[in-house]
Amino acid sequence: MCHGAVLPGTGVKGKKAVALYFSAHWCPPCRGFTPKLAEWYEKDLKAKGLEVVFVTGDRDEDSFKEYFNEQPWLAVDFNAKETLSKLNKTFKVQGIPSLIILDADGKLITKDGREAVSKDPTGEDMPWIPPKAKDLVEKMKLTGPAGTMTLTEAMAGKQALALYFSAHWCPPCRGFTPQLAEWYMQDLKAKGLEVVFVSSDRDEAAFNEYFGEMPWLALDFSDRKLKEQLSSAFKVQGIPSLVVLDADYNVVTLKGRDAVTADPTGAELPWHPKPVSNLEFGPGDIEEVPTFLVFCETSSDEEKKQIEETMTSVAQKFVDKQKAEDAEFPDMAFIICKSNCALGSRLRTMFGMKNLPPAPHAHALSKKEKGPGWGCDGCGQDGSGKERYRCEEGCDFDFCGDCHTTAYSGTEAEKTPVQMFIVDIPSNGAYYTGAPGPVSFESIQTFVDGFKAGSLERKQLG
């Protein structure tokens, strides 16, 4: 059967690779990409052993049928809702069109199939097995004040390597780079961290000007292919991004910016991820996996410590399982919100909770001109057109006028109850509210077990 509605695995035997094509009739980028993929498939890819299976995101069966009629491959049946949902959750599809490439045994080859096929539409490199990140890193030709050098030379006596994806034209990068440089010179370099700038600058002149402000090494700007391969291998979706590797070039964390911000002196270098992350320093894996979250901003320091230790006792089981299975993510992530921060405020609003007054920033703030494209770190709202107060020390930190007034009014946050949630963003923004009461091993485990059993009341993020 070469055209029909099937379940994966029933029409793909004997193929070299299978591409799961997540797409929908209503999606303009999909409508643009589908004819190209169909042309490549019919001309070369089908004959070379690729099967494509359409995984629909259409809202009704008529749209599915109309769209599928334009496609020369297979599809998951529109009414196989459980299968469609499982495929989306398994491969954590965040946007469409998306092409997931599997080998003949159904094992993942790459989630970047759209890019791989677009660069090789005749299938010369099919099934597009991406190069290993470690091999790419070892190929880097580095440049610095002393001239060019190999990575082996640069890492002599070092215990960790940070790849710094950044660019001169990027305002958040321009704010973060001086901070990172200060931390590097004061503590991190001496403690064994080497940093390599991987530039997204548009020309070599901009690269040279920006790199001139940095006290570390850089990937040679001329090697644009390797730069793109590194960005892909380390899943760099935006900049600035800091990827931390150990001395053997194994990934420690893709969220190095959060890690170094939380520990700028490098006391915990190379920053192996903790079972329970702190919401103040980033969202962790909340967009990729179901996440257990506790709000305890107004609790005493001792209470916060006890809650975090209790969460860790449960979270460690998920970490151990992740390591045993060599999985990209744990089945569930764990985050604690111990202080009022922009992410906490945003989530409180989405959960319909009362927001807390923001705390003063660590550095002085000064009033700036109103402008578009910034967000308040107090209320978590878009600050476009509002009064803006920005950190004078270069932190990527802003208060709107209202939050600035509240933060420095001397008003203390009202005591609020500790609250547990499980948020499942991959399942279309579902969330679940934990039972009131103390956070104990038993209450966490009961809540998690209820989620896994599907017995909790589903709510929708606002």
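Quick note: the coordinates plus some simple rules give every number you see, no bench work behind them. Since we're looking at a predicted model, the values are computed, not measured. When we count neighbours, we look across all protein chains shown, and the Cβ atoms used for this are built from the backbone with ideal geometry, even at glycine.
Under 5 Å between amide hydrogens, built in the peptide plane, is the criterion, and for residue 110 it picks out 101 among residues at least 5 positions away or on other chains. Of all lysines in the structure, the ones whose alpha carbon falls short of 20 Å from that of residue 107, not counting any fewer than 8 places away in one chain, are 13, 15, 16, 46, 48, 86, 89, 92, 132, 235, 321, 323. Near the amide H of residue 379, within less than 5 Å, lie the amide hydrogens of 400, all on another chain or at least 5 residues away, with H placed in the peptide plane. Note on the chain: the alpha carbon radius of gyration divided by the globular reference 2.2 N^0.38 Å gives 1.07. Scanning the chain for chymotrypsin sites (Phe, Trp or Tyr not before Pro) lying in DSSP loops with no more than 15 further Cβ atoms inside 10 Å, the longest uninterrupted stretch between such sites is 170-407. When the Cα centres of region 285-325 and region 198-256 are compared, how far apart do they sit, in Å? For region 285-325 versus region 198-256, the Cα centre distance is 31 Å. Rounded to the nearest 0.05, the FRET efficiency derived from the C-beta distance between residue 381 and residue 47 at R0 = 56 Å is 0.55. Counting neighbouring beta carbons within 10 Å and listing from fewest to most, the residues 109, 307 come out as 109, 307.
Couplings 3J(HN,Hα) of region 205-222, computed from phi: 5, 5, 4, 4, 5, 5, 5, x, 8, 10, x, 10, 9, 8, 5, 3, 4, 5 Hz, in residue order, whole Hz [Karplus 6.51 cos²θ - 1.76 cosθ + 1.60, θ = phi - 60°; x for Gly and Pro]. Arranged from fewest to most other beta-carbon atoms within 10 Å of their beta carbon, 326, 60 become 326, 60. Maximal additional length on extending the residue 129-residue 189 stretch stands at 18.1 nm, based on 0.36 nm per residue less the C-alpha distance.
Comparing 245, 208, 180 along the charge dipole axis of region 134-269, the residue lying farthest to the positive side is 245, per the Cβ-charge model. Our estimate of slack between residue 359 and residue 81, defined as 0.36 nm per intervening residue step minus the Cα-Cα distance, is 95.5 nm. Phi angles of region 445-457 translate, via the Karplus equation with coefficients 6.51, -1.76, 1.60 and θ = phi - 60°, into HN-Hα couplings of 4, 4, 5, 5, 4, x, 5, 5, 7, x, 9, 8, 6 Hz per residue; Gly and Pro are given as x.
Rg/Rh for region 325-431 stands at 1.04; both radii use Cα atoms, and Rh follows the Kirkwood definition.
Of all DSSP-defined beta bridges confined to region 4-119, some 40% are antiparallel rather than parallel. Scaled against 2.2 N^0.38 Å for its residue count N, the alpha carbon radius of gyration of region 4-119 is 0.95.
Phi angles of region 164-179 translate, via the Karplus equation with coefficients 6.51, -1.76, 1.60 and θ = phi - 60°, into HN-Hα couplings of 9, 7, 7, 7, 4, 7, 8, x, x, 5, 5, x, 7, 4, x, 5 Hz per residue; Gly and Pro are given as x. Principal axis extents of the C-alpha atoms in region 362-407 (largest first, rounded to whole Å): 23, 20, 15.
For region 33-111 versus region 414-462, the inter-centroid distance based on Cα atoms is 33 Å. Remark: spin-label model distance residue 443-residue 118 equals 4.8 nm, labels positioned 7 Å along the Cα→Cβ axis.
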